[in-house]
1. How many residues does region B:369-413 hold that are more than 16 Å from the ligand (Cβ to nearest atom), without any contact (Cβ under 8 Å) to a residue 40 or more places away in the chain and within 11 Å of chain A (Cβ to nearest Cβ)?
2. Can you go through A:234, A:212 and tell me which one is more than 8 Å from chain B (Cβ to nearest Cβ), within 12 Å of the ligand (Cβ to nearest atom), part of a helix (DSSP H, G or I) and more than 30 Å from residue B:351 (Cα to Cα)?
3. Suppose we keep only residues that are more than 13 Å from chain A (Cβ to nearest Cβ) and assigned to a loop (DSSP other than H, G, I, E, B) within region B:172-200. Which one would you say is nearest to the ligand (Cβ to nearest atom)?
4. With the condition kept exactly as written, say whether any residue in region B:273-282 is open to solvent by less than 40 Å² (accessible area, probe 1.4 Å) and not in a strand (DSSP E or B).
5. Considering only region A:215-231, state which residues are surrounded by fewer than 20 Cβ atoms within 10 Å (Cβ to Cβ), outside any helix (DSSP H, G or I) and more than 7 Å from chain B (Cβ to nearest Cβ).
6. Residue check, residue B:270 against (1) part of a strand (DSSP E or B); (2) open to solvent by less than 80 Å² (accessible area, probe 1.4 Å), all met but one. Which one?
7. Please return the ranges of helices (runs of 4 or more DSSP H) entirely within region B:52-147 where 2 or more residues are within 16 Å of the ligand (Cβ to nearest atom) and touching a Ser or Thr at 6+ places or on another chain (Cβ under 6 Å).
Amino acid sequence: MPIDPTMFTIAAIVLWALGMLLFLIAGERKVIKWLAHGSYLAGILVLAVFTWMLWDILGRPPMRTLGETRLWYAMFLPVIGYATYIRWDYKWILHYSGAVAIVFLAINLIYPDNYDRDLMPALQSIWFVPHVIVYIFAYALLAAATIVAIKGLIIEYTGKQWTWSMQLADNLVYLGLGFLTLGLLFGALWGKEAWGHYWMWDPKETWAFLTWIGYLAYIHYRYHKPKKLTTAMWMLAGAFIILMIAWFGVNYLPSAANSVHTYTQ
Amino acid sequence: MSLNKTEIKPKKKPVWAAPWGYTEGWLFVAGLLITGLALQLVAGGLSSSALAWPVNLYAGLAFTGLIVFGWVFLRKNSLVSWLGRVPAAVTSIAMITFLVLIMGFTLQEDAGNPAWVQSLGLSNMTSSWPFLFGMMFFMASLGMATMKRLTPMKGRNIGFFLNHAGLYIAIMAGLLGAADLQRVTMDLYEGEVVWGATDRQGHYKDMPLAIELERFNMEEFNPKIAVITTNDGRIVSESISDMFEIGKGHRGNLIGWDVEILEFHKMSGRIDGRFEPVVDYGAPPSALVRVTDSHGSQVEGWITSGSFMYSHQLLQIDRDHSVAMTIPQASHYSSDVVIYTPDGELIETRIEVNHPVSVNGWKLYQYSYDDRFGKWSSSSTIEAIRDPWLPVVYTGIFMLIFGSVYLMTLGKAPEKTEEQLAAEAGEPSGTEPESNIKGAA
Ligand code: HEM
């Protein structure tokens, strides 16, 4: 085994957990606030260093297996959470992204990858890295948007008096759908070079299309009926379920028996 | 308390009275689905070859022409104005989503699907009538929305145009162009000049170019080592954490056995029970391994994956188990070829996976090789594809790429919560954002 991820993974988990805790208790104390920022960012840095080393040692982009895509997701989500916090001052999203990233790293701890260097020739393309990065980044943004929706739904159904805004969800969806579209198009351009066609309705492609069109429905509905929050929030929740099927559920569908691109387990 | 409930509901508008909205959209979808399914049952599925050039060009021009005509001359018509607004967009998107969702759960192949699924066209969704109708509705809405926002062409509308017109162009050219797409394969053998190809149905086709294979090349990853059950040769655990890559000095734990690689040759020959590196036709890789079980007892010996010329060799580690070397996986493969064209051109080049070569309107792809011989294969299969509509599709795709960058800029500063507003009361709030989503209707 060329590299042991355990230490890096645990370090990132501990740093994020500590950062989140410090954010919670900081109040107005400046020093603790700075420590919180430091710890949270250090977690991201540790994971970034690990990913970079892994890439170097494997001699291929670490994006081939589901575990490897979880690694990128666990890195991007806190980045998005942190950026959202800095830009728009939503503190809760910082905690949420940290928590989800920790869960994803924990899954990788429980099911360790034996990082395998083989990369089939069709994946050895300049498109591979931009395609996967852009996609995982979109997934992380859209996950954050989903959480806004779910928080809104919970507030609504617990009957609290509420002034919920979908502005943050909308912003995240515009960004996320932009990246999702890029991922889809990069995939099409790559498909033409690798398999000879840009779109073949392969099961993975079919589900990627469904994800994309689901968010498309959302932005159009929002544009037209900005006041109908409940329907919009349910649309976001539904679209994210489709996204999850596209990401890892496809592997288990009967329709994917002949798929050319499902991730290696 | 949902905001919906606090909205003041206008008096209900009778169905089909202008302006049409969602209700009319859903009825439209139901009508298209029923008609489509009925046609599917009566007339069977569609064949894309019916649209072969120039029919597809006329069909595309007619469809687009109708939209332009409708927008220019019949703007007040209920159907036309409705197609250009969001209710039609959302219901047509929903219809496509519904059909593609069925497709996502159904194996897209006749074999393995019950007869009723086949006769409703669900196992061949993209060439079914309901899909055709859904696409026409979707494209009509998309096209009409594009027309509606064509003027004035500035600022926000340019981004809108890139997304909507880009998508219209890409999908239209993709759907219509499918009829003109040709995919054939050419089987090459070293030293032979090949003019002919076969299509998916096995029909022979003369090609406007000839290819001679000079050499097929392959590089391989190192093989892996795994524990197998000796009598049936099955790998005990397929999980990649229960095998590791072979290389001199590599060591790992395989399901309780400590396995160490003492020696490794990429190509080797057997000499007196040992293996020595040799460069020879069909020479397989080999490794000397030492295996220690949980009680500390050790066995040592040579293993090889074998090749088409030599048999494999295992190392027995207990009564039922052995360690074995897997067959190496290809890391790169390519064909060195000479391509001859009718006008006497001669191109010497390499065709590799992910690096197709374009000649005379055809793109040539490395497709496969004779996997019985692996890297010693003396034949190679090239796939040749002609897709004359590709430039149009790419025009749409590049418009969409710029459009998605525009989309990313649409986010706005957050609305202030009431507490924040209260806290800021008194300050001049020149930055107060208005909702970025202005109701269209
Ligand atoms: C790449 C895909 C698409 C993107 C990124 C996109 C984006 C948008 C955005 C952001 C708006 C808000 C208006 C604005 O920005 O000025 C909008 C409006 C609209 N879109 Fe799309 N859209 C896409 C595809 C579609 C499709 C497939 C349809 C129809 C089936 C459609 C029909 C409409 C309509 C009717 C409007 C309202 C226009 C108006 O009333 O002025 N769009 N779209």
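1. 1
2. Of the residues listed, the single one that is more than 8 Å from chain B (Cβ to nearest Cβ), within 12 Å of the ligand (Cβ to nearest atom), part of a helix (DSSP H, G or I) and more than 30 Å from residue B:351 (Cα to Cα) is A:212.
3. Applying the filter and picking the extreme gives B:192.
4. yes
5. Within region A:215-231, none qualify.
6. (2)
7. So the answer is B:86-105.
Here is a yes/no grid of residues against (1) at pLDDT below 90; (2) in contact with a His (Cβ under 7 Å, 6 or more places away or on another chain); (3) among the basic types (Lys, Arg); (4) open to solvent by 40 Å² or more (accessible area, probe 1.4 Å):
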residue: B:182; (1), (2), (3), (4): no, no, no, yes
residue: B:189; (1), (2), (3), (4): no, no, no, yes
residue: B:196; (1), (2), (3), (4): no, no, no, no
residue: B:200; (1), (2), (3), (4): yes, no, yes, yes
residue: B:203; (1), (2), (3), (4): no, no, no, yes
residue: B:208; (1), (2), (3), (4): no, no, no, yes
residue: B:225; (1), (2), (3), (4): no, no, no, no
residue: B:233; (1), (2), (3), (4): yes, no, no, yes
residue: B:243; (1), (2), (3), (4): yes, no, no, no
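The values are calculated or read from the model by the stated rules, or taken from the named source; none is laboratory data. As the structure is a computational prediction, the values presented were derived from the model and not from experiment. Note that we place each Cβ from the backbone using ideal geometry, even for glycine, and neighbour counts take in every protein chain shown. For the accessible areas, the whole protein counts, side chains as well, though only heavy atoms, and no ligand, DNA or RNA atoms are used. Shrake-Rupley method; radii C 1.70, N 1.55, O 1.52, S 1.80 Å.
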